[in-house]
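Reviewing the structure listed below.
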Amino acid sequence: MEWTVIIYKTILLFIILFVTLIVAMYSTYGERKVAAFMQDRRGPNRAGPFGLLQPLADGLKMFMKEEIIPLTANKRLFILGPSIAMTTALLTGVVIPWGGTLTIGGNEYSLQIADLSIGILYIFAMVSIGVYGIMIGGWASNNKYALLGAIRAASQMISYELAMGMSIIALVLTTGSLSLHDIVAQQHGMHWNIFYQPLGFLIFLICAFAETNRSPFDLPECETELIGGYHTEYSSMKLGFYLFAEYINMFISSAVIATLYFGGYNMPFIDQIGLSPNAVTLLGTAFFFMKIFGMIFLFMWIRWTLPRFRYDQLMNLGWKGLIPLAIFNILATGTYYFFTDLK
Amino acid sequence: MKSLTNRSKVVSDKKMTFMEWIYIPAIIKGMSITLKHFFGKKATINYPEQKREFSKVYRGQHVLKRDDLGRERCTACGLCAVACPAEAITMVAAERKPGEENLYREEKYAAIYEINMIRCIFCGDCEEACPKEAIFLTDRIVASEYERAPFIYGKDTLVEPVDPDKRIDISARQTEKVLKFKMDERFAHNK
């Protein structure tokens, strides 16, 4: 590999890391604002104009808090838990195509860090490791509530990963590729996958809510019954890492949904305007982020609308509802392509 | 049984229809409700900048009134302290010296007059008990503090300023009924 490519990729990596952190930071602010607006309140508006400095103040508060590690906790695992949660959350952004290609001085630069041929599988692998962060944290706390939260997280994620994977199989049947770059390229010009896979999208969306531990599937951390669940014993920035990882996961999930089902950085009617290729790329990236923010808003909207599931309802929905539905979806898609290919 | 409101619904455990069972119409309905509130008018008031209008007879921080010539009305009779159910009021009486006639209205005055704002329940009994129309509750809010000691308000904060422009207006509390009551000749000494 050439040096310029390595330097370019490193710069891109840092930009994306920075953007991810900023978006996650302001998601906490957005969450509070959305919650407040839906409850006829105003939300944070004291720190800076419109309360825009609130995330900074919250972060500072998290850093200044006393760091408590319970005496009976397994110290090494206790620290490992939030580290894994944060690391895996940040690793997923690598394979997402954030935009098309920029042409600078005759060289083409892709706005995707790594175009893995198995991009979707990579995301699945990372999300699966993310469960360990919660499980290890909950186990190491040596607290019954934390352990209950961890058990719930583990069983919930395993159940919903199945349905999620199956909804993706149907998608792969239509796209014929596991590479996120190819999937986005195929959706050029309003051939968005949501029109071909509406049922798959619905299943994927529900599973994404469960995978990110967002309401109505926030059983691992429900405040009312488990006093915070797996992070009951956590304090200071370790707690901050867990909460922050949740928002990063939400951002990445939104990005994945936008990539797989909403055409990624593709903008409708972009070819008809007649802009230079670089401008098209940048506009596409901006449009991609708009889709992501729309999805994040949907996440928050659902959270402040629906009450939490009961545990047996959650399992019922996962195993008896979504998995048969996903299998049916695969079957229907497969049958359709079987007969259309015969012609 | 007759219901108190017409909003009550009869609940039954009948089998759900298919549309109810898939929940999605209900979820969309719920989301439309939250979205309506998202753009709706907010109930919150930005407190220090905007203030809600208080009732005319709101019972907030007390004021010790002066008369038209700027003399303190309070004669330290102690009726407010006796009336106080929370025992928040204490005072030390003193005799007026010659030459202090422009400061105190009567021969006796309160050298120390303290209200403990943590004890006070803002019932307004002191105002009721006062025969000299010296103490009134106002629409001001007692400020929050970090320590307990500053909540014991002395004469420096309770007595209103001499300057006629800075006087605390309590005319809103003097409703027509009150004013008529004060016309009685038994209160002539207060004029």
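General observations
- When chain B is reduced to its Cα atoms, the Kirkwood hydrodynamic radius in Å: 21.3
- Remark: A:Tyr311, B:Tyr146, B:Tyr113, B:Tyr104 ranked as B:Tyr146, A:Tyr311, B:Tyr104, B:Tyr113, counting other beta-carbon atoms within 10 Å and listing the fewest first.
- Using alpha carbons only, the radius of gyration of the protein assembly as shown set against its Kirkwood radius gives Rg/Rh = 1.17.
- Over the Cα atoms of the range A:1-136, the radius of gyration divided by the Kirkwood radius equals 1.06; this is the Rg/Rh ratio.
- Candidates A:Gly105, A:Gly43, A:Gly284: whichever shows maximal mean-square fluctuation once chain A is modelled as a Gaussian network with Cα springs under 10 Å: A:Gly105
- Sorting the segments A:131-138, B:105-112 by their residues' average number of neighbouring beta-carbon atoms within 10 angstrom, most packed first, yields A:131-138, B:105-112.
- Degrees, to the nearest 10: B:24-38 long Cα axis against longest axis of chain B: 30
- Amide H partners (placed H, <5 Å) of B:Leu64, local residues excluded: B:Val159, B:Glu160
- Note on the range B:98-139: Rg/Rh from C-alpha atoms, Kirkwood Rh, equals 1.04.
- Computed over the range A:1-143: relative contact order in percent, which uses C-alpha pairs under 8 Å that are six or more apart: 24
- Straight-distance crosslink candidates among lysines, where the alpha carbon sits under 29 Å from B:Lys97 and sequence neighbours closer than 8 are dropped: B:Lys65, B:Lys108, B:Lys132, B:Lys155, B:Lys166, B:Lys191
- Restricted to Cα atoms, the range A:285-342 shows a radius of gyration and a Dmax of 17.6, 48 angstrom.
- Mean Cα-pair separation over length for the range A:253-343, i.e. relative contact order, pairs under 8 Å, 6 or more apart, %: 28
- Ellipsoid equivalent to the range A:216-343 - semi-axes via the Cα gyration tensor, in Å: 35, 27, 11
- Part-to-part distance (alpha-carbon centres) for the range B:1-64 and the range A:58-124, which is given in Å: 40
- For the range B:171-183, 3J(HN,Hα) computed residue by residue from phi via the Karplus equation (6.51, -1.76, 1.60; θ = phi - 60°) reads 5, 5, 6, 7, 5, 4, 5, 5, 4, 5, 4, 6, 5 Hz, glycine and proline entered as x.
- Relative contact order of the range A:161-233, pairs being alpha-carbon contacts under 8 Å that are 6 or more residues apart, as %: 27
- Taking chain B, the Cys residues with no second Cys beta-carbon under 4.7 angstrom are B:Cys74, B:Cys77, B:Cys84, B:Cys120, B:Cys123, B:Cys130.
- Shown for B:Arg96, A:Arg152: other C-beta atoms within 10 Å of each C-beta, ranked fewest to most, produce the order B:Arg96, A:Arg152.
- Per-residue [θ]222 nm for the protein assembly as shown (sum of -39500 (n - 2.57) over DSSP H runs n ≥ 4, rounded to 500): -16000 deg cm²/dmol
- Nearest-ten-degree value, helix A:144-175 long axis tilted from longest Cα axis of chain A: 10
- Between the helical axis of A:277-303 and the longest alpha-carbon principal axis of chain A there is an angle of about 40 degrees.
- Cα pair distances of the range B:136-191 binned at 5 Å [whole percent]: 4, 13, 16, 20, 16, 14, 8, 5, 3, 0
Computed from the coordinates by the stated procedures, all read-outs in this text should not be read as laboratory data. Note that the structure is a prediction, hence the values are computed from the model and not measured. Neighbour counts run over all protein chains shown; Cβ positions are idealised from the backbone, glycine included.
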